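Following: one structure in structure tokens, then a few remarks.
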Amino acid sequence: MRRLIDGKAMLLLALLVNGAVAAFFFILPGPVPALAVPQPAQRAANPALPLPEATGDAALPDLVCRRWGPVGDFSAFASLAARIKAAGGAVEIKETPVASEPDHLVLMGPAASPAATRRLRDELRSQSIPNQLINEGRFAGALSVGAFADLTAAQALQAELAALGYRVAVETLDSPRKAYHLETQSPRKAPAFALPSTPCRTASS
């Protein structure tokens with residue numbers, strides 16, 4: 001009986017020892033995974049640099065539009081236009097009608113013949129009355145003794161000459177005038193010219 005009890009005790013002790021060993025190995029931590037080392041990002045061998053925005057002269061076109069004028073005779077632009085064309089630019093002359101007040105022309109004649117006209121001119125000169133022979137147009141052959149913007153002044157001269165015995169007429173001339181502008185596509189550095197240039201007008205201005 002005692003042997004049976006000792007056997008059971010030994011068996012129980014063996015079970016306890018085996019259980020303790022199994023529990024010891026069960027709670028041991030497993031292999032710790034290696035931590036990932038962060039790798040630096042790949043860099044391009046020659047990174048592209050941002051291009052600067054164009055400023056100053058680099059932002060301007062090769063040619064810019066300029067405008068000169070007005071002038072009363074477009075031939076005044078001849079030299080400037082030639083220089084701009086030689087520099088690779090383009091030119092255009094624009095004509096603009098100009099509103100103006102009419103002129104009043106004081107006339108004598110025309111005389112019956114060229115000889116009569118010469119005598120009349122000599123006579124007027126002897127009295128210090130300036131005059132000019134009109135060679136063409138609807139008053140050809142007549143003598144102009146004055147042109148006035150003021151009708152009253154023209155009529156006063158007419159009355160003065162009529163008092164001296166001359167036949168004098170006053171004609172009103174509605175003579176439209178024209179102005180000329182030179183518009184150019186020219187290099188950024190403007191050529192020297194007597195008149196200053198201005199930027200070309202846009203459709204909205």
Task: Ranking by accessible area, most exposed first, for Thr172, Thr184 with a 1.4 Å probe - done: Thr172, Thr184
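Just to confirm the filter: which trypsin sites (Lys or Arg not before Pro) across the stretch 67-170 are DSSP coil and have at most 13 other Cβ within 10 angstrom of their Cβ?
Passing both the DSSP loop test and the Cβ count: Arg138, Arg167.
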Open item on the list: Please compute the volume of the convex hull spanned by the alpha-carbon atoms of the stretch 76-126 and report it per residue in Å³.
Closed with: 196
TODO: Could you work out the equivalent-ellipsoid semi-axes for the stretch 65-205, taking the square root of 5 times each eigenvalue of the Cα gyration tensor, largest first, in whole Å?
DONE: 46, 17, 12
TODO: Just reorder Ser79, Ser128, Ser197, Ser144 by solvent-accessible area, largest first, 1.4 Å probe, all chains present.
DONE: Ser128, Ser79, Ser197, Ser144
TODO: Could you tell me which GluC sites (Glu not before Pro) in the stretch 109-205 are loop residues by DSSP with no more than 10 other beta carbons within 10 angstrom of their beta carbon?
DONE: Glu136
Open item on the list: Can you list residues from other chains, or at least 5 along the same chain, whose modelled amide H is less than 5 Å from the amide H of Ala142?
Closed with: Ile134
Open item on the list: Relative contact order for the stretch 59-200: what percent, with Cα pairs under 8 Å and sequence separation of 6 or more?
Closed with: 48
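The values are calculated or read from the model by the stated rules, or taken from the named source; none is laboratory data. Since the model is a prediction, treat every value here as computed from it, not as a measurement. Counting neighbours? That spans all protein chains shown, and the Cβs are built from the backbone with ideal geometry, glycine included. All accessible areas refer to the heavy atoms of the entire protein, side chains included, with ligands and DNA or RNA removed. Shrake-Rupley method; radii C 1.70, N 1.55, O 1.52, S 1.80 Å.
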